[in-house]
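J.: Sharing a structure with you now.
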Amino acid sequence: MATSPCSSSGVSSSSSSGLGADAGLEIRTRSVEQTLVPLVSQITTLINHKDKPKRSDKTLQAIQRVGQAVNLAVGRFVTVGEAIANENHELKEEMSVACIEARRAGETIAQLTDVASLDHPESDSHITIFTDKTGVVKAARLLLSSVTKVLVLADRIVIKQIITSRNKVLATMEQLEKVSSFQEFVQIFSQFGNEMVEFAHLTGDRQNDLKDEKKKARMAASRAVLEKCTMMLLTASKTCLRHPDCESARINKDGVFHRMRLALEQVIEIVTDSRPNGENEVAPISIYSGIKEFKNKVEGLRENLYFLSKENLSTMLEVILEHTEDFTDSAYTSHEHREHILELSKQAKMELEQLVSVWMQAQNQKTKDLMEDLEVAILKTCQCMNELKREVHSAATSLAADLLKYHTDHMVLKALKITGVEGNLEAVAEYTCKLSEQKEQLVEMCRLLRHVSGTEPLEITCIHAEDTFQVTGPQIISAAETLALHPSSKIAKENLEVFCEAWESQLSDMSLLLREINDVFEGRRGEKRVYLSLPRPGKHNANLKALKPVKLDTEEQAKIAKLGLELHLLTSDVDSETEKWEDQENEIVQHGQGMSSMAYSMYLFTRGEGLLKTTQDLFHQAEIFATEGTKLASALHALSDQVQDDDKPLLLLEAEKLISMCKQLQITAKASAQGKSATFTKVDACILKTRNVMALLCQLLPLCCKLLRKNKAGNGCLKPAPPWKEDRIRTSTNARTPERRVDTFGIKSLENHVTNMTFLESK
């Protein structure tokens, strides 16, 4: 589908001073919004100055300086805008008009604030800010509108770059589909890889820049598909080239290409804010969102008895109860949960009937007794809905926990690999049936979890997970059939491994998703779990001016990409190990999860993504990671005090090894680095040492888990635990308190054009 870059940003709000930009423009990116903030602030200050009878020379000079600063900054901004226009002829006319308007408005403001040299600035003979405040307001409005238009047009260029990059990827994919020799495939795939890297960087910047959390989640899901499918495309294509007459190999390859095209199309839909044929996206309503809206309407009756009809409220409840049928009709919902949901549904209808009865009476006769009865009916209705919400949450999350625990051994995948290598077609067919059953269970799990996810981004993550299981299941089956037909084929074996890894990875992601959904339900946090310990704005920022943060360029990111990928795999391994612990509140598990989360944010840094924006952020995170590792070592020493002599030396040896590695990491993170080369060397060393710590953690966690299980089984490997001391309690409660994720955005997508467009000089 050919897509033209459309407007992606603009202004739709006005300031308290009556300043409003073009109502046809809407800001959709944080970079445009943050670029406008200082300009709006300074102009608002200028217009809202107090009209005092007597004005000091200092006041007049300050007003004049602000006006001149605005004009000079706008002049520099317009110069950059005109340069952009000359480089992009299709936008030249619009950009030129906006630049002319901005320059004219800036000059007008400078003239109206030229008051410092006048003896009587309020004299009618000189038109100034004091005699023509309306003129200043008009000039300010024109300035904001025109500057916003320039930013929007510059942003269109970014959209055009993403579309152009997508078109390159699509064109190369078409070539890859048609190749018939390995040599030709290797050459084209090399080009394809470079184009995918470029597309990943452009879309990653755009994802971080988007204001809409729902769009950000959709973009993240699409980019995740493209990342995983790139490796699938490589092995599936090679398998098809090696076995050109194999139908299952062709089906496997076609599935990958189709999924990548869909993901590319979705990225462009998000970027351009458009859909094929102009249709609107209809998002399925979840039980959580339905209950939230229903309760808001019910509680609104306290303020206004006439703002909605009883039919409207009844319809809303009917929709919610229809969605609960997804639970009651599911073969995987327990009998107990099904009965409770049905009882609560019946009770909700009764409570609403009572509420409507009292509500109608209160409309006719607003007595004190009736209003008290109405309050009771409102409270009982909302309480019933809360209980229903709690019941469906319990049903969905308990099912998910059971399924994820049951499938954690990946026995079906292992059996498919073994029977495929043996060329046992009958056994492969048997296990593909089992995988199909497993797929249906996991798809149903995702559908139920979506109803209770609690936030739109998590809803989208559930939908993405459902799609992944739906698509990956048949792809594993076709890959296994290909291997069974060609049991001696190394590439067919490798291809099956890649698809099985994608399945295992999605199962691992589901464990994290389940934890996030529970966190939202319990009110702990409403965003994805990312452990971050960075200075907050306005706090501990006394030394921030002394720092000179550095970003890695594309070449440097490419150099550490392999190291970052190894770190990513280790975080998955650690997460898998921590999930095996029955006691998730165990101090060792808590520290392990914290370290894994921090290591994951460092992996994202190697990709130019995530919350660690600069090398200084990375070094600070490495220090916190090392501190957490030292705390884990203390917990291991505490465990060794309970272990009998046979197991104690090994545990102490591993603990000392961990302390040594963490100290080395802290020394590296704190060491000074001058210059680009030295900074990159330090980055490389920090990530390498973090990876080594994570590798050790992968060995430590199962060892500790084994010792604790032996103790639980009654083998006596642990001594009785000593009484808890006050300092141990304090350590347990304060050791790891991940902060709620707060996404911070730099001016990313416009940085090539707007970074130096400082509107105002600080005075």
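J.: For the stretch 287-400, what is the accessible area per residue in Å², given a 1.4 Å probe and the full set of protein chains?
T.: Ligands and nucleic acids excluded, the result is 54 Å² per residue.
J.: Okay, moving on. Using a 1.4 angstrom probe on heavy atoms only, work out the carbon and sulfur share of the accessible area of the stretch 554-713 in %.
T.: Summing carbon and sulfur atoms, their accessible area is 53 percent of the total for the stretch 554-713.
J.: In addition: Seen from all sides and averaged, what is the projected area of the convex hull of the Cα atoms in the stretch 554-713, in nm²?
T.: Reported value for the Cα convex hull: 9.0 nm².
J.: Measure up Lys295/Lys389; Lys297/Lys346; Lys228/Lys405; Lys211/Lys562; Lys168/Lys676; Lys228/Lys676 against 22 Å on the Cα-Cα distance and list the ones that go over.
T.: Those over the limit are Lys228/Lys405; Lys211/Lys562; Lys168/Lys676; Lys228/Lys676.
J.: Something else now. Shape verdict for the stretch 162-275, please, from the Cα gyration tensor: rounded (a/c under 1.5), prolate (a/b greater than b/c) or oblate.
T.: Prolate.
J.: Which entries of Lys613/Lys657; Lys414/Lys490; Lys631/Lys689 show an alpha-carbon separation above 25 angstrom in the structure shown?
T.: Too far apart for the 25 Å limit: Lys613/Lys657.
The values are calculated or read from the model by the stated rules, or taken from the named source; none is laboratory data. Just so it is clear, the structure is predicted and the values come from calculations on it, not from any experiment. Areas reflect the complete protein model, heavy atoms only, side chains present, ligands, DNA and RNA absent. Shrake-Rupley method; radii C 1.70, N 1.55, O 1.52, S 1.80 Å.
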